[in-house]
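What follows is a short report on a single structure.
What follows draws every value from the coordinates through simple rules; no lab data is involved. Predicted model only: the values in this text are computed from it and were never measured. When we count neighbours, we look across all protein chains shown, and the Cβ atoms used for this are built from the backbone with ideal geometry, even at glycine.
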C-alpha cells in the first residue's frame, strides 16, 4: 500500500491526494515503531535523495506498465522518479529490514532485498 500511495503521489498525473500522503506518513511511522521495538537501526531523517532499494529500472518498468494500462502519468519521468524515491526513502530501509527479520515471503520491492542488517533466513537442522 505504501508503494501504491507513493506511486499515486509521485507518478500519476492527478491532483495531490492528501489521503495517500496520510497513508504514507502513518505507514512509515508505524513501521519505524515496530523497528524500534525490535531494536533495528534506521535513519530517522533520511534525505529525499538518499539511495533506496528499488532501482530506477524497476520504477521505469512500473511506469511503463501503468502507461500501457492507460493510467495518465506525469510527463517528466525523471522528476516522477525523484519524487517517488523521496517518498520511498522514508520507509525503504525499515520495510526491508522488517521483511528480513520476519522472514516475509519474497515479493517485488520488499522481501527480496538485502540491507547490511538484514537478518539471514533461518536454516533447518538436518
Next item on the list: Could you tell me which residue of region 70-90 is farthest from residue 28 (Cα to Cα), considering only residues that are assigned to a loop (DSSP other than H, G, I, E, B) and either touching a strand residue (DSSP E or B) at 6+ places or on another chain (Cβ under 9 Å) or free of Cβ contacts under 8 Å to residues at least 40 places away in the same chain (or both)?
Entry: 70
Margin query: Return the residues of region 19-36 that are surrounded by fewer than 12 Cβ atoms within 10 Å (Cβ to Cβ) and within 13 Å of residue 98 (Cα to Cα); say none if nothing qualifies.
Written below: 33
Next item on the list: Take region 26-36 and flag every residue that is without any contact (Cβ under 8 Å) to a residue 60 or more places away in the chain and within 15 Å of the chain's Cα centre (by Cα).
Entry: 26, 29, 30
Note to self: Within region 37-53, take every residue that is closer than 20 Å to residue 81 by Cβ and in contact with a helix residue (DSSP H, G or I) (Cβ under 6 Å, 6 or more places away or on another chain) and give me the one that is surrounded by the most Cβ atoms within 10 Å (Cβ to Cβ).
What the structure shows: 52
Notebook entry, point to check: So how many residues does region 94-109 have that are free of Cβ contacts under 8 Å to residues at least 24 places away in the same chain, under 11 Å from residue 53 (Cβ atoms) and touching a helix residue (DSSP H, G or I) at 6+ places or on another chain (Cβ under 9 Å)?
Noted result: 0
